[in-house]
Amino acid sequence: MIRLLISSRPVMMRNIILFMTALSLWTTWLPMMRTLSGQNSYAWGVEWFNTMYRGVGWEGDWLFLVYQAILGVTILWMGFRNPKAPFAALLIVWHALPFANALYLPLIADKRNIFYGDTGGVQWDLTWVSPLVTGCAFALVFLWAVSGGVRADRHDPVSWTRQNTQFAFIFGLYLVVVTGLEWTGPVHGLTDMFAVPLNILAPVLIALMLYPWISRSKAGEHAIV
């Protein structure tokens, strides 16, 4: 049934997958923005295949976050604007690695996968939740790719519309607001409580900015599902 849906609605499935990909980008985007916005005492850390990447402010492995963010945004741009090779390969890798890492930690490294959110004072054990979530995402992407979704979805680069410009303006406003919030208060203070959800939703805003909106002049000719 899933394969039938993918084959009959490849563009719709691609859009669902890309917004899902945007949501997965927040774990990289949030610490990157906290670091690049001038919070010199902000500490972060993430473990990949038994190697810990961490940093405090501009010290440490902050470029690791930048490279991840660039890759994630590149995948969104390629998927929405011109979904041709190597888009499918990058998309599969993007979702395969978190799934493999989520299995590696408990099964190979014998470690718990604990998420710590210092600003909100949260601590969640994701040891078995993470493989389930990342595994479902990877399975959907893989099925879309092998069921012909990539071939059916290929098209010429789409034009930039007024809606794209509007979301680009909103994204610029987000950057100004978040930078101001993170500069004006202490780490994990009240201003951070407002900045965190904005940073979490930012990748979705990027997806909306890159989405192939149909201009009004062409709306009557065809529609993108």
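Read-outs: derived from the displayed coordinates by stated rules, not from any lab. Keep in mind the model is a prediction, meaning the values are calculated, not measured. Using ideal geometry, Cβ is built from the backbone for each residue, glycine included, and neighbour counts are taken over all protein chains shown.
With a/c under 1.5 counting as rounded, go ahead and sort segment 52-146 into rounded, prolate or oblate using the C-alpha gyration tensor (a ≥ b ≥ c being the square roots of the eigenvalues; past the cut-off, prolate if a/b is larger than b/c, else oblate). Cα axes put segment 52-146 in the oblate bin. Applying 1/(1 + (r/R0)^6) with r as the Cβ-Cβ distance of Q166 and E47 and R0 = 45 angstrom yields a FRET efficiency of 0.70. Model label points for L90 and Q123, set 7 angstrom from Cα along the Cα-to-Cβ axis, are 3.9 nm apart.
Would you mind calculating the gained length between F115 and T74 on full extension (0.36 nm times residue separation, minus the Cα-Cα distance), in nm to one decimal?
Numbers: separation 41, 0.36 × 41 = 14.76 nm, distance 2.63 nm.
Between F115 and T74, full extension yields an extra 12.1 nm.
Can you work out the FRET efficiency for the pair E59 and L103, with r the C-beta to C-beta distance and R0 = 30 Å, to the nearest 0.05? Intermediate results must be reported in sequence, preceding the final value.
Values: r = 31 Å, r/R0 = 1.04.
My answer for the efficiency is 0.45.
Among residues other than G55 whose Cβ falls under 12 Å from its Cβ, what is the net charge (Lys/Arg +1, Asp/Glu -1)? Let's see the in-between values first.
Values: positive: R34, R54; negative: E59, D61.
Once all neighbours under 12 Å are counted, the net charge is 0.
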